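Reading through the structure tokens given below for one structure.
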Amino acid sequence: MQKELDELSGRVIRLLKKKTMTVTAVESCTGGMISSLLTDIPGASEVFKGSFVTYSDETKHRFVGVEEETLKKYTAVSEETAREMVRGGIRIVGADLGVSVTGYAGPDGGERGEPAGLVYIGCGSGIRTEVRKFCFQGDRGQVRRQAAEEALRFLEEWLLRPEIDSEEEQHADAPAETVRIKYFTDEIEKLCRITEKSDWIDLRAAENVEMKAGEFRLIPLGVAMKLPGGYEAHVIPRSSTFKNFGILQVNSMGLIDESYCGDQDQWYFPALAVRDTVIHVNDRICQFRIMKHQPQIYFEETNQLSETNRGGFGSTGKQ
């Protein structure tokens, strides 16, 4: 079996080199086996960016950003967790592809009655992620080896898909803008694009903040940027900000234009606490994207718009 695994790992490394792509692994029940198999292949350093062994819920959240809500609602062994593990690994190390494994190697299963041998394996790129469910048989060692093998087969299959080449071409042809950024602290993660179909970028608290209910605070985000000419940044809360921290962004959406580009023009999040809360340094509290300025507009006054009335703004569906 070891010979077959070595051959499989070698094929994956060769495919990655051929497509000039990089990969990361985020492992739980396999405990680093996938990373070990890949790095046993000479030349793996050209395409293997690094890996994470996130054996506990805490490390899944802290190291690769699996949401605490996901872990509580779906558990660590779930499709949702495997998907977030892939996304987090890609985001942190900047790889093109990611593979994740989370499951019950045995002899015990899950607290909710899940059987030993239940494993979820995720594989994905910066465009999409897929997760497969397996129920492996055998002892603990056999389950872990089967999981590692299936993860590598999933990765090999992904690399052989013809659409991978078209995705690379589209990515290569896409225009890119350069944003100069200054960090005010080393305690927050470097900015990078949220994976999958989103083009939003997470922003994090640059210091520990304690707030009482009803208190307003400008929370430093630890960055200043020189945006491209003709662009502005739109800053909004993350979907989980209110639930996790009990804070509201007081201006609904922040607008930062390219004139804010001085060395001390740090970005801040204007927050109003609705309950007593604590926000820790590096917690993700908001996100942003850059947009082109609105083109020049001329208003032409008229007495008749000649279109169907819908009942006024905010009344969609009203009978």
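The values are calculated or read from the model by the stated rules, or taken from the named source; none is laboratory data. Here the structure is a predicted model, which means the values were calculated and not measured. When we count neighbours, we look across all protein chains shown, and the Cβ atoms used for this are built from the backbone with ideal geometry, even at glycine. Please note that ligands, DNA and RNA were not included when accessible areas were found on the heavy atoms of the full protein model with its side chains. Shrake-Rupley method; radii C 1.70, N 1.55, O 1.52, S 1.80 Å.
Surface calculation, 1.4 Å probe, protein heavy atoms: V143 sits at approximately 0 Å² accessible. If only the Cβ of Lys and Arg carry +1 and only the Cβ of Asp and Glu carry -1, the dipole of the chain around its Cα centre is close to 340 debye. With contacts taken as Cα pairs under 8 Å and at least 6 residues apart, the chain reaches a relative contact order of 13 percent. For K226 and Y268, a Förster radius of 22 Å and the Cβ-Cβ distance give a FRET efficiency of 0.80, rounded to the nearest 0.05. With the biggest extent put first, the Cα atoms of the chain measure 77, 53, 47 Å across the principal axes. Under 17 Å of direct C-alpha separation, and excluding same-chain neighbours fewer than eight residues apart, K292 reaches these aspartates and glutamates: E177, D199, E232, D257, E258. Taking K73 as the anchor, which lysines have their alpha carbon closer than 17 Å to its alpha carbon, excluding any fewer than eight residues away along the same chain? Filter leaves K60, K243.
The figure for D108 is an accessible area of roughly 120 square angstrom, using a 1.4 Å probe on the protein chains alone. A dipole drawn for the chain from +1 and -1 charges on Cβ atoms has a positive end, and of G109, G230, Y55 the residue lying farthest that way is G109. In summary, the aspartates and glutamates within cross-link reach of K212, defined as a Cα separation below 13 angstrom excluding same-chain residues under 8 places away, comprise D276.
Taking the charge dipole of the stretch 1-83 about its Cα centre, with +1 at Lys and Arg Cβ atoms and -1 at Asp and Glu Cβ atoms, the residue from S36, T22, Q2 reaching farthest to the positive side is T22. Of F242, F134, F288, the residue with the largest accessible area leads and the full order is F242, F134, F288 (1.4 Å probe). As a length-normalised measure over Cα pairs under 8 Å and 6 or more apart, the relative contact order of the stretch 85-127 settles at 43 percent.
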